[in-house]
Every structure is written in structure tokens, then in C-alpha cells.
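The values are calculated or read from the model by the stated rules, or taken from the named source; none is laboratory data. A quick note: this is a predicted structure, and the numbers were derived from the prediction, not measured. We place every Cβ from the backbone using ideal geometry, glycine too, and count neighbours over all the protein chains shown.
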């Protein structure tokens, strides 16, 4: 210890040692080469891959969003179409319904009119028939009655009917 | 030593001689502790970072995450922030510088190693030399030697008479002060830190073996302070690794821009 102290006491700590300078250059140089060759490119690769992955994810999300927006748009358009179609169908149905009702009403009215006219004509015929039969019957009855009352035989067919007709005409005139 | 001659065994304060370690084996200047530690450091750094970066996975494992964080720190906070455009080509150098200094510094407090190689001034000289060479080379390559030297000697945008004062200062700054500040700052911090630990731990040891009971009782305080200083040293060691890298990046950035 004494000898070392004496021998090296003169050397200032600021004076470099050649061996250490050489070692320093070699060691630092080696480390630099190793890190530059094996380490920094790999880290850069990882960073780049990460950035790419994140950017890719963002792009993918953007694409998905765009697609979703497009789909929404097309759905909205389809929905509007469907609404329009539905209202058209409704309108048509309403018109058709109205037409059917109108048709039915017309048919019913026609039927009613037909029935009414048929009834009226049958009533007319009945009345005609009744009037005719009445006319004959009333004539006979009246003649019978009158002959009984008057006592005068109105046997003669021709006279008889002439009298009845005259009577009826008078009757109708007085009416 | 003369104290021991006069008054028997006494406290021998640590001195610069405590940094002159004998060869660990043989009798070569290449087998001393700092030399071996420097080689150990580059082996450890290489193994660690090769293992950490080998997979280069998008989702990093624990090891890759740690390695990547250190790399990203140098890359982003030092290189990108300071150098800016075109910083990527200087990242390997700055990264090497940072890890090399950091590991060798931290060796100063790792049990059994316990010696910062940077307290031997030769290593900081080498590092400053690399930095010095690189930033001048960049400046010359970027601007041509004439323009580069002129830019240093004659600051643009300064009144002519100021050159009397500024030119010598600028030349001294670029060619003398910068390498000296780079190397001596690192060296002095590591040297002083190691000396400080030697004082407290050696002192504690001395007091523990003193015949007075009073000294024995007080010795834990010295040890305790030694431990506290160890933590402090850790901070200084990391800080110095950061600072030498930061300054190198600043010098490179300075050489890259046209106007000084």
C-alpha cells in the first residue's frame, strides 16, 4: 500500500490512462455497433408496427363507420319508399272501397227500383183485374138489385149492360 | 500515512489514491477493476437490450416494455425533442451513450462492484471525444468546413465591434469548453460521489473499531449517512447519464441548424 501510494501519488486524477482510453474507445464502439445493429432497428420495428396497427385500427373503424352510415342511408330510403308505397296502397284501397260501396249502392237502388216497379205493375194488374171483376159483379148485383126493386125484368143482356155502363160513367163524372 | 507514523493507528481519510486500484489479476493495465467493469457493462447492456428487443412485439412483454421505455425515453425526450427533424440517425449514438454511462455509474452503488468507472477520467474523455467528433463532423458535413467555422467564429446578426469579444469566446466554447464540460462534469460527479461514500462508510468502520465506546455508539450514524448518500448517489448517477446525453443532443442540434 505504501509503495503504491508513493508511486502514484504524483498522478493527477485528471490525467487519463492510455489503457483506459483504449478500452473506453473499444467498449463504447462495440456497444454502439451492437445496439445499432441488433437493438435500435428492432425497437423501431416494434414502434412502426404499433403505429401501423393503431392507424390500421382507426382506418378500419372509419371504414366501418362509413359503411354503417351508408347502410343507414339506404335503410332510411327504403323506409321512405315503403311508407310511400303503403300510403299509396291505402289510398287505392280506400278508392276501391268507395267504388265498391258506390257500386253496391247503385245495384241496390237498381234492385229496389226494379222491385218497386214490379210491385207497382203487379199492383196495377191486380187493380185492373179487381176493377174488371168488380165492374162485372157490381153490374150484375146492381141489375139484380134494381130489377128486384123496380120489378122490371132487365133480362135483355144488351140493355142491361148499357144501363150499367151509363151508371158507372155518371158515377165517375160525379166523382 | 504520516499520521500513522506519529500516533499509531488513526483515521486515514480517503484520497484520490483510493481510485488507483491494483489489477484484479495479473499485472496488466487492462485487468484493473474499472476496465473489467466497463467490459461487464457493455456485455450486460447488450444482453439485456437484445433480449428485450428480440421479439419486437406490438404488445410488449414485461422485458420488452422495460427496454422499450428506456429506448423511447432517449428517442423521444432527448433525440426528438432536442434535435427535431432528422433525429433518428442520432438515436443509436445517444442511446449507447445514455445506457453506457448509466450502467457504469450505477455500478458505483451495486454491492461487490461498487465502483463507478466514470470516476476514472479516461472514460469520460473518450465519451466527450466521441460527442465532440460527431457534432463537429455533422456541422462540417452539413454546412461545409468554411461556412461552419465562420458561423462559429462570427455570430450572424451581431454588430461588428462585438466580434472582438465574441469570437474568442465562441471559438473557445466550441473547441475547448464543450468537451471539457462534457467530460469533467461526469467525471467530477462520479469521483466526488464515490469519495463521499468512502468517507462515510470508511469513517463508520473506523469509529466502530475505535477503542472508545462513544465512538462505537456514533458509528451507526456514519453508516446511516453512508446509506442515505448511496440513495443520493443513485439519483446523481442517473442524472449525470441524462445530462451527458442531453448535452450531446444539444450540441448535435446546434451543429445541424445553420444559424448558431
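Output yes when any residue across the stretch B:225-236 is more than 29 Å from residue B:34 (Cβ to Cβ), in a helix (DSSP H, G or I) and either at pLDDT below 90 or under 29 Å from the mean Cα position of the chain (by Cα) (or both), and no when none is. Before you say what the answer is, go through the steps one by one.
Here is the first cut: in the stretch B:225-236, the residues more than 29 Å from residue B:34 (Cβ to Cβ) are none.
Within the stretch B:225-236 (the criterion being more than 29 Å from residue B:34 (Cβ to Cβ), in a helix (DSSP H, G or I) and either at pLDDT below 90 or under 29 Å from the mean Cα position of the chain (by Cα) (or both)), the answer is no, since none of the residues qualifies.
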Any hit, the stretch A:76-90, residues being farther than 30 Å from residue B:127 by Cβ and within 14 Å of another protein chain (Cβ to nearest Cβ): no
Residue match in the stretch B:158-172 (condition: free of Cβ contacts under 8 Å to residues at least 40 places away in the same chain, more than 28 Å from the chain's Cα centre (by Cα), farther than 27 Å from residue B:108 by Cα and not in a helix (DSSP H, G or I)): yes
Candidate set from the stretch B:173-197 (those that are away from every other protein chain (no Cβ under 14 Å) and crowded, with 16+ Cβ neighbours inside 10 Å); member that is farthest from the chain's Cα centre (by Cα): B:174
Subset of the stretch B:27-73 [within 10 Å of chain A (Cβ to nearest Cβ), more than 22 Å from the chain's Cα centre (by Cα) and outside any helix (DSSP H, G or I)]: B:28, B:54, B:55, B:56, B:57, B:58, B:59, B:60
Some residue of the stretch A:13-22 being at pLDDT 90 or above, under 60 Å from the mean Cα position of the chain (by Cα) and more than 7 Å from chain B (Cβ to nearest Cβ): no
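Could you run through the stretch B:114-126 and say how many residues are farther than 12 Å from residue B:190 by Cβ and buried (at least 20 other Cβ atoms within 10 Å of the Cβ)?
Quick first cut of the stretch B:114-126, residues farther than 12 Å from residue B:190 by Cβ only: B:114, B:122, B:125-126.
So of that shortlist, the ones also buried (at least 20 other Cβ atoms within 10 Å of the Cβ) come out as B:122, B:125-126.
Selection size over the stretch B:114-126: 3.
Given the criteria more than 7 Å from chain B (Cβ to nearest Cβ), more than 30 Å from residue B:194 (Cβ to Cβ) and free of Cβ contacts under 8 Å to residues at least 60 places away in the same chain, does residue A:49 qualify? Outline the logic, then answer.
Details: more than 7 Å from chain B (Cβ to nearest Cβ): no; more than 30 Å from residue B:194 (Cβ to Cβ): yes; free of Cβ contacts under 8 Å to residues at least 60 places away in the same chain: yes.
No.
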Test: residue in the stretch B:220-230 that is in contact with a helix residue (DSSP H, G or I) (Cβ under 6 Å, 6 or more places away or on another chain) and without any contact (Cβ under 8 Å) to a residue 24 or more places away in the chain: yes
Top-ranked residue in the stretch B:87-113 [being under 14 Å from residue B:33 (Cβ atoms) and either in contact (Cβ under 8 Å) with a residue 60 or more places away in the chain or facing chain A (nearest Cβ under 10 Å) (or both); ranked as surrounded by the most Cβ atoms within 10 Å (Cβ to Cβ)]: B:104
The stretch B:29-38: number of residues that are in contact with a helix residue (DSSP H, G or I) (Cβ under 8 Å, 6 or more places away or on another chain) and surrounded by fewer than 17 Cβ atoms within 10 Å (Cβ to Cβ): 2
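Which of the residues that make up the stretch B:12-26 are at the interface with chain A (Cβ under 9 Å from one of its Cβ atoms) and under 17 Å from residue B:197 (Cα atoms)? Before the answer, list the steps.
Of the stretch B:12-26, the ones at the interface with chain A (Cβ under 9 Å from one of its Cβ atoms) are B:15-17, B:19-20, B:22.
Listed by number, the residues that qualify are B:15, B:16, B:17, B:19, B:20.
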Residue A:172 out of contact with any strand residue (DSSP E or B) (no Cβ under 8 Å at 6 or more places or on another chain), exposed (fewer than 10 other Cβ atoms within 10 Å of the Cβ) and modelled with pLDDT under 85: yes
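Just to be sure before I move on: is residue A:61 at pLDDT below 95, surrounded by 10 or more Cβ atoms within 10 Å (Cβ to Cβ) and either facing chain B (nearest Cβ under 7 Å) or under 29 Å from residue B:52 (Cβ atoms) (or both) in the structure I sent? Lay out the reasoning, then the answer.
Numbers: at pLDDT below 95: yes; surrounded by 10 or more Cβ atoms within 10 Å (Cβ to Cβ): yes; either facing chain B (nearest Cβ under 7 Å) or under 29 Å from residue B:52 (Cβ atoms) (or both): no.
Considered against the rule, which asks whether it is at pLDDT below 95, surrounded by 10 or more Cβ atoms within 10 Å (Cβ to Cβ) and either facing chain B (nearest Cβ under 7 Å) or under 29 Å from residue B:52 (Cβ atoms) (or both), residue A:61 comes out as no.
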Odd one out for residue B:24 among (1) buried (at least 17 other Cβ atoms within 10 Å of the Cβ); (2) over 24 Å from residue A:47 (Cβ atoms): (1)
Odd one out for residue B:152 among (1) surrounded by 14 or more Cβ atoms within 10 Å (Cβ to Cβ); (2) free of Cβ contacts under 8 Å to residues at least 12 places away in the same chain: (2)
